[in-house]
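Here's the structure we're looking at; comments come further down.
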Amino acid sequence: MANRFILNEISYHGAGAIKEIATEVKTRGYHKALVCSDPDLVKFGVTAKVLSVLDENGLAYELYSEIKPNPTIENVLHGVAAFKAAGADYIIAIGGGSSMDTAKAVGIIITNPEFSDVRSLEGVAPTKHPCAPIIAVPTTAGTAAEVTINYVITDVERKRKFVCVDPHDIPVVAVVDPDMMSSMPKGLTAFTGMDALTHAIEGYITKGAWELSDMFHIKAIEIISRSLRAAVNNEKEGREGMALGQYVAGMGFSNVGLGVDHSMAHTLSAYYDTPHGKACAILLPTVMAYNAPASGEKYREIARAMGVKGVDDMTQEEYRKAAVDAVRRLAEDVGIPVTLKGIVKEEDIPALSASAYADACRPGNPRETSEAEIAELFRSLL
């Protein structure tokens, strides 16, 4: 069986990389951008860093900021209308997963209007055309949406968050500038950074993992583990490490899939509007312990990448526990809550578990699971 790998055409990395946006726009002959960014990034001047590059180079754009965390079908439809009204021919997405996912859905519908109901994009939709070109500029420490073929939209009416997987949605250019992440509050850095670690670990142990994806994931685990604490303290070296680590994780998991941590996290966001990174972070140690019996020798390499000493002298049970403990320590060090108390309601667990089981990320989980076992995972965190 052939293994497919899809990555950006071009990516830029390092402080000041946003200046290259002008180079790419001019080289590609684009005329007018729809800039997709969320209201907080606009309010606090983060979006303005990119807009100033466009202004300095005389590049036309319209700003669309009707984007909420866990973006909705309505956000997408209004974005499509904004793209058309602006006469845009490409998109610049500035933000975390919310801005990126909205931009991807908008771009896909622009070139594949038969999917304009949005819901029909769930799963692996048979789109025919690449989306409107996207230049993606991440501002968080974890989503890696700038390099993935996935996006997630919330169906408010049905209380569902649905995953869309489409090679046609990957941004043509990713601009990973750590200076764009410098204004993130500590909590957001911690949550999105642990989301990046979840991407790397789930991608490393997913059923679809293979040697090339393993290379990206194990390096991402190493970079994130050594960088996140410093990034939370807004240290330059930590921010730069997380900017790279989360991107490297995205290069891997986008091509091989994730697992039940993400399927459960998507459900928490749909029901309670829980920030995605926070949900993933709380779940990760518990889900790792659950998946350990199906992980082969991979937890030994996770523990090694996270700086655990003497893993080659440990039994399988010992190195699996060491890997989970290393993740738990990192989570505690950056202030991640250890339970879902105050988030999950006991009476919702049957519906949450059914939704998580139906989620597109669940089949990649290395351990076969069930609605009943997912329900027990939720309950164990109450």
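Name every residue in region 346-374 that is assigned to a helix (DSSP H, G or I) and among the hydroxyl-bearing types (Ser, Thr, Tyr), in order of residue number.
Ser353, Ser355, Tyr357 - these are the residues of region 346-374 that are assigned to a helix (DSSP H, G or I) and among the hydroxyl-bearing types (Ser, Thr, Tyr).
Restrict the check to region 116-124 and report whether at least one residue is surrounded by fewer than 23 Cβ atoms within 10 Å (Cβ to Cβ), basic (Lys, Arg) and at pLDDT 95 or above. Can you show your working first?
Step one: list which residues in region 116-124 are surrounded by fewer than 23 Cβ atoms within 10 Å (Cβ to Cβ), which gives 116-120, 122-124.
With basic (Lys, Arg) added as a condition, the list becomes 119.
In the following step, the residues that additionally are at pLDDT 95 or above were identified as 119.
Checking region 116-124: at least one residue is surrounded by fewer than 23 Cβ atoms within 10 Å (Cβ to Cβ), basic (Lys, Arg) and at pLDDT 95 or above.
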I'd like the full set of residues that are touching a residue at least 24 places away in the same chain (Cβ under 8 Å) and either touching a His at 6+ places or on another chain (Cβ under 8 Å) or part of a loop (DSSP other than H, G, I, E, B) (or both), limited to region 118-127. Val118, Glu122, Val124, Ala125, Thr127
If only one of Gly187, Gly203 is assigned to a helix (DSSP H, G or I), at pLDDT 95 or above and under 18 Å from the mean Cα position of the chain (by Cα), which one is it? Gly203
Here is a list: Ala82, Ala17. Which entry is within 19 Å of Thr102 (Cβ to Cβ) and modelled with pLDDT of 95 or more? Ala82
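Confirm whether Val172 is modelled with pLDDT of 95 or more, out of contact with any Leu (no Cβ under 6 Å at 6 or more places or on another chain), surrounded by fewer than 24 Cβ atoms within 10 Å (Cβ to Cβ) and in the same structural domain as Val53 (by TED's automatic domain parsing).
yes
Considering region 97-114 alone, what residues qualify as being of a type outside the set (A, V, I, L, M) and either more than 14 Å from Pro171 (Cβ to Cβ) or at pLDDT 95 or above (or both)?
Within region 97-114, Ser98, Ser99, Asp101, Thr102, Lys104, Gly107, Thr111, Asn112, Pro113, Glu114 meet the criteria.
The values are calculated or read from the model by the stated rules, or taken from the named source; none is laboratory data. Bear in mind the structure is a predicted one, so any value in this text is a computation, not a measurement. Don't worry about glycine lacking a Cβ; one is built from the backbone with ideal geometry, like all the others, and counts go over all protein chains shown.
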